[in-house]
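Shown next, in structure tokens, is the structure this report addresses.
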Amino acid sequence: MIKAGVVGATGYAGSELLRILMQHPQVEVKTLTAKSYVGQKYNEIYENYRDINESVCEEMDIYKLAEECDVIFMALPHGVAAKVVDEEILSKTKVIDFGADFRIKDADVYEKWYGVEHTGRELLKKAVYGLCEVNREDIKNASLIANPGCYTTCSILSLRPLLAEGIIEEDSIIIDAKSGVTGAGRGLNTTSLYCEVNETIKAYKIASHRHTPEIEEQLGYACGKNINLIFTPHLTPMNRGILATCYAKLKGNYTYDDIKKIYEKYYGNEYFIRLTKEGVLPETRWVKGSNFLDIGFKIDERTGRIIVIGAIDNLVKGAAGQAVQNMNILFGLPENTGLQLVPVFPA
């Protein structure tokens with residue numbers, strides 16, 4: 001059995017992670033930590049765990065966790081992992097970080113976009129970007145995994161085959177993405193209150209969202225060029241889900257079947273990536289509660305552009321599910337172990 005510790009277990013992503021781990025046949029959850037709930041029973045915070053999980057939330061002691069756990073999931077915001085994870089920790093256990101500290105290889109770029117000092121620069125070379133369908137071979141031997149962001153997972157995987165094949169103009173990419181409110185986290189925030197998000201939709205952090213450099217860096221690896229794109233996120237009045245509508249200029253004339261073959265080349269054997277049929281486009285309701293990414297596309301012959309739609313559950317494929325997928329790769333298990341979650345509908 002894989003002994004797992006969850007740091008930040010009471011956030012939305014942490015709770016989703018625990019839900020998945022408790023159903024995983026090869027995992028024993030050893031420790032749950034939550035800074036604001038030390039000494040409190042987990043099932044008193046989340047009543048859905050009543051009579052299911054009797055764990056008591058502990059204070060984070062990263063060295064104690066490293067001694068007793070095979071893997072530590074850090075379901076915390078940026079800036080935390082870089083301060084506490086070091087070579088000694090990584091010599092004893094594996095760390096999967098939900099934050100952004102180790103996603104971007106250039107620490108200066110990280111500091112520019114996140115506005116904080118990067119205190120873990122020496123570990124950046126060791127960290128592997130945990131986009132499973134792209135980096136699984138590197139993930140297998142890693143000790144530190146940077147679990148990708150939710151917007152980034154959906155956007156990168158939706159566009160990557162087109163850039164890898166060199167069929168779209170690299171400077172023409174526009175990503176219009178929409179997220180459910182759980183993407184903002186569980187902390188008290190006026191902008192996330194019911195009356196603030198219900199019956200409205202809004203764009204936010206225009207031309208300044210922190211996921212932008214992460215998307216650009218990873219797509220740049222796909223085509224071997226520097227990428228500059230427009231990424232605009234929106235907050236929508238739903239609990240969970242991400243829909244990314246991606247626009248790009250085609251370099252030539254391509255049919256639907258031409259593009260379909262490209263996606264099948266890259267994702268035809270991927271369990272968690274589902275390509276929709278012609279005329280059917282992804283919707284967040286068809287991936288909710290699952291680790292699937294649905295991708296569909298339409299060619300606009302009039303403008304010479306392609307529109308690619310990607311949909312994921314931001315808490316699963318965009319966070320906890322992808323983290324477990326990474327764990328499965330690290331420990332030599334089939335990637336879908338504990339993740340054969342059928343999307344929930346209606347929900």
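Filtered by the rule that a residue be at pLDDT 95 or above, over 21 Å from the mean Cα position of the chain (by Cα) and acidic (D, E), region 69-119 gives D70, D86, E87, E88, D108.
Can we say G185 is surrounded by fewer than 21 Cβ atoms within 10 Å (Cβ to Cβ), in the same structural domain as Y204 (by TED's automatic domain parsing) and not charged (D, E, K, R)? When the stated conditions are applied, G185 passes them.
When the strands (runs of 3 or more DSSP E) confined to region 262-347 are screened for residues that are without any contact (Cβ under 8 Å) to a residue 40 or more places away in the chain and either more than 19 Å from H211 (Cβ to Cβ) or assigned by TED's automatic domain parsing to the domain that holds P161 (or both), those reaching at least 1 such residues are found at 273-275, 293-300.
Under the condition of being within 16 Å of S290 (Cβ to Cβ) and buried (at least 16 other Cβ atoms within 10 Å of the Cβ), the residues counted in region 326-347 number 7.
May I ask you to verify whether K125 is modelled with pLDDT under 95 and over 25 Å from K35 (Cα atoms)? Yes; evaluated as a whole, the condition is true for this residue. For region 149-162, indicate whether the set of residues that are of a type in the set (G, A, S), surrounded by fewer than 20 Cβ atoms within 10 Å (Cβ to Cβ) and in a loop (DSSP other than H, G, I, E, B) is non-empty. Scanning region 149-162 turns up no residue that is of a type in the set (G, A, S), surrounded by fewer than 20 Cβ atoms within 10 Å (Cβ to Cβ) and in a loop (DSSP other than H, G, I, E, B).
Number of residues in region 30-54 that are within 24 Å of G187 (Cα to Cα) and outside any helix (DSSP H, G or I) equals 12.
Evaluate the following for A177: is it in contact with a Cys (Cβ under 8 Å, 6 or more places away or on another chain), outside any helix (DSSP H, G or I) and surrounded by 20 or more Cβ atoms within 10 Å (Cβ to Cβ)?
yes
The residue of region 280-322 that is surrounded by the fewest Cβ atoms within 10 Å (Cβ to Cβ), among those that are aromatic (F, W, Y) and under 18 Å from the mean Cα position of the chain (by Cα), is W286.
Number of residues in region 180-236 that are part of a loop (DSSP other than H, G, I, E, B), among the hydrophobic types (A, V, I, L, M, F, W, C) and within 23 Å of K288 (Cβ to Cβ): the value is 2. Set side by side, the residues V95, V56, V80 differ, and just one is of a type in the set (A, V, I, L, M, F, W, C), more than 25 Å from C150 (Cβ to Cβ) and assigned by TED's automatic domain parsing to the domain that holds G115, which is V56.
Say we look at region 289-310 and pick out the residues that are in contact with a Phe, Trp or Tyr (Cβ under 7 Å, 6 or more places away or on another chain) and not β-branched (V, I, T); which of these is farthest from G252 (Cα to Cα)? The selected residue is N291. Candidates R274, R285: the one that is over 19 Å from E169 (Cβ atoms), in contact with an Asp or Glu (Cβ under 8 Å, 6 or more places away or on another chain), at pLDDT 95 or above and not hydrophobic (A, V, I, L, M, F, W, C) is R274. For region 195-218, taking the residues that are hydroxyl-bearing (S, T, Y) and surrounded by 12 or more Cβ atoms within 10 Å (Cβ to Cβ), the one that is nearest to the chain's Cα centre (by Cα) is identified as T212.
The values are calculated or read from the model by the stated rules, or taken from the named source; none is laboratory data. Nothing here was measured: the structure is a model prediction, and the numbers come from that model. Reconstructed Cβ throughout: ideal geometry from the backbone, glycine too, with neighbour counts over all protein chains shown.
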